[in-house]
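First up is the structure itself, then whatever we jot down about it.
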Amino acid sequence: MDEIYKPEVIEPRVQEVWDSTQAFAVSEDPAREKFYCLCMFPYPSGACHMGHVRNYTIGDVISRFQRAQGKNVLQPMGWDAFGLPAENAAIKNKVPPAKWTYKNIDVMRSQLQRLGFAYDWQREIATCRPEYYRWEQWLFTKLYEKGLVYKKNAVVNWDPVDQTVLANEQVDSDGRGWRSGALVERREIPQWFMRITAYAEELLASLSEMDGWPEAVRTMQTNWIGRSEGLELDFPIENGNESLRVFTTRPDTLMGATYMAVAAEHPLAVSAAENDPQLAAFLSECKNVKASEAELETMEKKGMHLGVNALHPISGEPVPILAANFVLMGYGTGAIMAVPGHDQRDWEFANKYQLPIVQVITDADGGTVDLSQGAFVSRGKLVNSGDYDGLDFDQAFDAISQFFEQKGTGQRKVNYRLRDWGVSRQRYWGAPIPMIYCEKCGDVPVPEGDLPVRLPEEVEFQGVTSPLKTMPEFYNCKCPICGGDARRETDTFDTFVESSWYFARFACRDSDEAMLDERASYWMPVDQYIGGIEHAILHLLYARFYQRLLRDEGLLDLDEPFANLLTQGMVLRDGSKMSKSKGNTVDPQTLIDRFGADTVRFFVMSDAPPDQSFEWSDEGVEGASRFLKKLWRLVADHVNNSSLSDDFGSLNTEQKELRRQIHLTIEKVTDDIGRRHTFNTAIASVRELINSVGRFEVRSAGDYAVVREAFSVVVQLMAPITPHICHQLWQELGFGDSIIDAPWPVADPSAMAQSEVELVIQVNGKLRAKIRVSADADKTAVEDIALKEENVVRHIEGKSVRKVIVVPGKLVNVVAN
RNA sequence: GCCGCUGUGGCGGAAUUGGUAGACGCGCAGCACUCAAAAUGCUGUGUCCUUGUGGCGUGUCAGUUCGACUCUGACCAGCGGCACCA
């Protein structure tokens, strides 16, 4: 056996073996337990970055581990191929997005192959292929028929110079367009929505049963869905028949409502501005804000009186109405009732505009309430509320709701923060939305037989606008109903649509008869899903929503798509996220060329647990490389000096100790990889074992046999992480041709048993001594030995022993004062 | 602003159920091998002092407990998400 480790020779050779034997191609086998391991597929941005390497190594380790457990493991890979960067590249470099994307896919595929990931490449998907997006177009038309898809106006970032819609990403922090530099405006345009709110209750309810998901993700989704129970009620408008409808979660504070605020786009504000130039100016100023929640919440809150009052629905008192820049037309009713005494934002706004602040809730526990310092937001007892005085939150909620329900001017309502999903994008590089607009027949979905609506791939960009908007050969069409001239939708789908069902399509990616077939029922759900924590809400919620759409369409009988979720942390360097803009990236390709794939895989797994952020270190890679070289050298020494026979015989103390460590390591690594997913601690314990093996002198057949056992175990435990070197070492050691078909080692309890254990002795919680006692020593015996320890005696001198706590097998704590 | 996470040596991290804080690695220092260097191996490495099986020490402040990195409350700092980046 070669004394020198040569990854550049071994790795391509081993990969060739896997490739030629189709080692990771799988099919449905009802006789075996299946395991579907999936990593969030990449956007083909150009080349793999360290975040990809980390993500896909985690998935590969889990997949290979599960395979060694005897399961039928599916691990597919594909490309989330539609998206904005392809258009940006097209505008910059005059290359069609399709061409740019396919080229990137080729580069990244070969990088993933070079890393040795155990993918079933026959199942590869690229979402920009018509064979793929045809089915999401088909599903969209089905959902349209069911009323789960509808059209309404929604706010976008509008660039007045480039005359186009901008993504939040294309608007800089000053609110200016990325190319024109013009101040962007909020503008409303008609867009398609998917009725995710119809599933809000179900999406929320099942979160509590999803044990395989991190608690943090479930909490974030719960808050995102944001179920709240409240009252929707009308405030009559003074001098007219109209009324202003608002929703509140605090009907108990109704008597403290001292003003109303409406969105700049609210019809009431618009009509008031007709004879009020100052107000009109304010309303147009309100439009110069980015359409993002963070922006709206942190900007300076501004308002202006409409000169119109509402009437308080109970007291009949006039309540001023203001237009405010923080109220959005698209959310709720576009209007709010403000209770500055008991809502902090309302309180600040009231102080700024000298609006009255009234206390209507008092602390039920008798604490003082000082509204000059801030709002009192806790629930309490009602005061200054006429007939409702003295009621608590629940009583007031019921009484006030009943009042409005009886009058017919309000009703209790469960509201969700979750809004319907706007899927329209005014962009080119996406799946065309399969709708046709006919003057006679209205909105008409493209009939099934005419699908897919193909996205033309040979296009040229003139400026920033989607080429589809200027291609009559694309948008001119005939109405499927009346046959008259009609116009095709030129918007495309949000790319989250593609990533909301790809996981199921991997089971049957070649099906051209249906979106999904029976193979999906075998493979789904995904047993382990792995991806960035940044997807905790949007992608993961949309995918859960889509799974239910697929279920209700009769395509796949399943509620939740991902049984277990692992959210991976970011890759950092020098304490901040690796990114091109910061110029602190490390190119994985360079590292693979220099150290080999196994070293890169080993390092990214050894540094930190997967759900934590991972700090890049050039020296760390060297350390990983050093370890693999050392492992290779130790095995080579062993193999090249194999004159001794392979027989345990009866074991001496040193041999027993090493065997004990071997089997403890099996137990720990199995738990760390299989249950805890803490690959860093698994690696640490393998390193400890190798350190012991390195120190262990082989002088007898028994020594040789124990060391050989150690190598067989180490190579198997490491195989999921560094599969190439382990494949080779397994053969060199003479254990077999292919380690991927060897079953996972099992810890032997008799090798781990010990007759004596070490106990820690504390006095008042501080370590004072260590003793060795027989493993079955009883409490009293242990206590006696502990109290006689010299250092214990010294520390309890002059004190009396109050209590002795014995934790069997662990410690003794002597409490004395 | 709201929601969520994180905070431990010079650095990445370990301590799994409240029970020895700092496993494992990186870096650094010394030694061995070498004409020399690289590579490799060995030893040491939280901090302070009066060098003792000594004191202190897990972002800050308080609390619960025989015992707290771990649980509770308040605060500080950093990171992620906030619906058109993916």
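How large is ³J(HN,Hα) for each residue in segment A:237-247, as worked out from phi by the Karplus curve 6.51 cos²θ - 1.76 cosθ + 1.60 (θ = phi - 60°), to whole Hz, x for Gly and Pro?
Karplus values, whole Hz, x for Gly and Pro: 8, 5, 6, x, 9, 6, 9, 10, 9, 10, 10.
Find the eigenvalues of the gyration tensor of the Cα atoms of segment A:54-149, then list the square roots of 5 times those eigenvalues as equivalent ellipsoid semi-axes, largest first, in whole angstrom.
So the three semi-axes of segment A:54-149 are 30, 23, 10 Å.
Give me the percent of Cα-Cα pairs in segment A:569-612 that sit more than 17 Å apart, rounded to a whole number.
Pairs farther apart than 17 Å: 41 percent.
What's the Kirkwood radius of segment A:423-509 in Å, using all Cα pairs?
14.1 Å
Under the classification rounded if a/c is under 1.5, otherwise prolate if a/b is larger than b/c and oblate if not, where does segment A:311-453 fall, given a ≥ b ≥ c as square roots of the Cα gyration tensor eigenvalues?
In terms of gyration-tensor shape, prolate.
Rounded to the nearest 0.05, what FRET efficiency is calculated for A:E797 and A:T681 with R0 set to 51 Å and r the Cβ-Cβ distance?
For R0 = 51 Å, the calculated efficiency reads 0.80.
Can you list the aspartates and glutamates whose alpha carbon is less than 13 Å from that of A:K381, not counting same-chain residues fewer than 8 positions off?
Partners within reach: A:D252, A:D363, A:D365, A:D389, A:D392, A:D394.
Relative to the longest principal Cα axis of chain A, at what angle does helix A:84-93 sit, 0 to 90 degrees, rounded to 10?
90 degrees
Could you bin all the Cα-Cα distances of segment A:169-284 into 5 Å bins starting at 0 and give me the percent of pairs in each, rounded to whole numbers?
Computed distribution, short to long bins: 2, 7, 10, 10, 13, 15, 16, 13, 8, 3, 1, 0.
Expressed as a whole number of Å, what is the distance separating the alpha-carbon centroids of segment A:162-206 and segment A:267-300?
With segment A:267-300 and segment A:162-206 each reduced to a Cα centre, they are spaced 18 Å.
Calculated FRET efficiency, A:E124 and A:N584, Cβ-Cβ r, R0 25 Å, to nearest 0.05?
Result of the calculation: an efficiency of 0.20.
Based on the Cα gyration tensor of segment A:153-224, what are the three equivalent ellipsoid semi-axes, each the root of five times an eigenvalue, rounded to whole Å and given largest first?
36, 16, 8
Can you tell me how much longer the chain between A:E131 and A:D776 gets when fully stretched, taken as 0.36 nm per residue apart minus their C-alpha distance, in nm with one decimal?
Residue separation times 0.36 nm, minus the Cα-Cα distance, leaves 225.5 nm.
Report the accessible area of A:L296, computed with a 1.4 Å probe over the heavy atoms of all protein chains in place, in Å² rounded to the nearest 10.
10 Å²
Setting aside same-chain residues fewer than 8 positions from A:K99, which aspartates and glutamates have a Cα under 12 Å from its Cα?
A:K99 reaches A:E87, A:E457, A:E458, A:E460.
Taking one equal scatterer on every alpha-carbon of segment A:712-817, how large is log10 of I(q)/I(0) by Debye at q = 0.23 1/Å?
-1.11
Given a 1.4 angstrom probe, what's the average accessible area per residue across segment A:431-557, in square angstrom?
40 Å²
Could you please state how large a percent of the accessible area of segment A:756-810 is carbon and sulfur, counting protein chains only and using a 1.4 Å probe?
The computed percentage sits at 48.
Rg and Dmax in Å for chain A, alpha carbons only: what are they?
Both quantities, over Cα of chain A: 33.6, 106 Å.
Helix A:97-114: angle to the longest alpha-carbon principal axis of chain A, degrees 0 to 90, nearest 10?
Here the helix axis deviates by roughly 20 degrees.
What is the helix-to-structure angle for A:701-718, meaning the angle in degrees between its Cα long axis and the longest Cα principal axis of chain A, kept from 0 to 90 and rounded to the nearest 10?
The answer is roughly 10 degrees.
Would you please name the GluC sites (Glu not before Pro) within segment A:271-362 that are DSSP coil residues with at most 15 other C-beta atoms within 10 Å of their C-beta?
Loop-located and lightly packed - A:E274, A:E300.
Rounded, prolate or oblate: which one fits segment A:365-427, using the alpha carbon gyration tensor with axes a ≥ b ≥ c (rounded when a/c is under 1.5, else prolate when a/b beats b/c, else oblate)?
It is oblate, given that a/c is not under 1.5 and a/b is not larger than b/c.
Can you sort A:V804, A:V714 by 1.4 Å-probe accessible area, starting with the largest?
Correct descending sequence by accessible area is A:V804, A:V714.
What are the extents of the Cα atoms of segment A:638-682 along their three principal axes, in Å, largest first?
39, 26, 13
Rounded to two decimals, what is the ratio between the C-alpha radius of gyration of segment A:678-757 and 2.2 N^0.38 Å?
1.17
Pairs to check: A:K290/A:K469; A:K146/A:K413; A:K302/A:K407; A:K440/A:K469; A:K469/A:K582; A:K152/A:K287. Give those whose C-alpha atoms are more than 26 Å from each other in this structure.
From A:K290/A:K469; A:K146/A:K413; A:K302/A:K407; A:K440/A:K469; A:K469/A:K582; A:K152/A:K287, over 26 Å: A:K302/A:K407; A:K469/A:K582.
Mind checking the per residue accessible area of segment A:1-112 for me, 1.4 Å probe, whole number of Å²?
Value returned for segment A:1-112: 38 Å² of accessible area per residue.
How much accessible surface does A:K151 have with a 1.4 Å probe, in Å² rounded to 10?
Per-residue accessible area (A:K151): approximately 80 Å².
What translational diffusion coefficient, to the nearest whole µm²/s, does segment A:683-728 have by Stokes-Einstein, given a Kirkwood radius computed over alpha-carbon pairs, a temperature of 4 °C and 1.567 mPa s viscosity?
Taking Rh from Cα pairs, D becomes 116 µm²/s.
If you average the alpha carbon positions of segment A:307-363 and of segment A:706-759, how far apart do those two centres end up, in angstrom?
70 Å
Need one word for segment A:511-657: rounded, prolate or oblate. Basis is the Cα gyration tensor (sqrt eigenvalues a ≥ b ≥ c); a/c below 1.5 gives rounded, then a/b vs b/c decides.
Cα axes put segment A:511-657 in the oblate bin.
For A:R187, A:R54, A:R594, write out the residues from largest to smallest accessible area, computed with a 1.4 angstrom probe and no ligands counted.
Putting A:R187, A:R54, A:R594 in descending order of accessible area: A:R594, A:R187, A:R54.
With all protein chains present, calculate the accessible area of A:H312 using a 1.4 Å probe and round the result to the nearest 10 Å².
Accessible area of A:H312: about 10 Å².
If packing is taken as the mean number of other Cβ atoms within 10 Å per residue, what is the order of A:553-566, A:450-463, highest first?
A:553-566, A:450-463
If packing is taken as the mean number of other Cβ atoms within 10 Å per residue, what is the order of A:429-437, A:578-586, highest first?
Per-residue Cβ counts within 10 Å, averaged per peptide and sorted highest first, yield A:429-437, A:578-586.
Please give the FRET efficiency for A:R419 paired with A:R551, using the beta carbon to beta carbon distance and R0 = 25 Å, rounded to the nearest 0.05.
According to the calculation, E is roughly 0.65.
Can you give me the P(r) profile for segment A:612-746? Cα pairs, bins 5 angstrom wide beginning at 0, each as a whole percent.
2, 9, 20, 22, 22, 14, 7, 3, 1, 0
Grab the eigenvalues of the alpha-carbon gyration tensor for segment A:533-594, scale each by 5, take roots, and send me the semi-axes largest first in whole angstrom.
37, 14, 10
The values are calculated or read from the model by the stated rules, or taken from the named source; none is laboratory data. What you see is a predicted model, and the numbers here were worked out from it, not measured in a lab. Virtual Cβ from ideal backbone geometry, glycine too; neighbours counted across all protein chains shown. The protein model used for the area step is the full one, side chains on, heavy atoms only, and it has no ligands, DNA or RNA in it. Shrake-Rupley method; radii C 1.70, N 1.55, O 1.52, S 1.80 Å.
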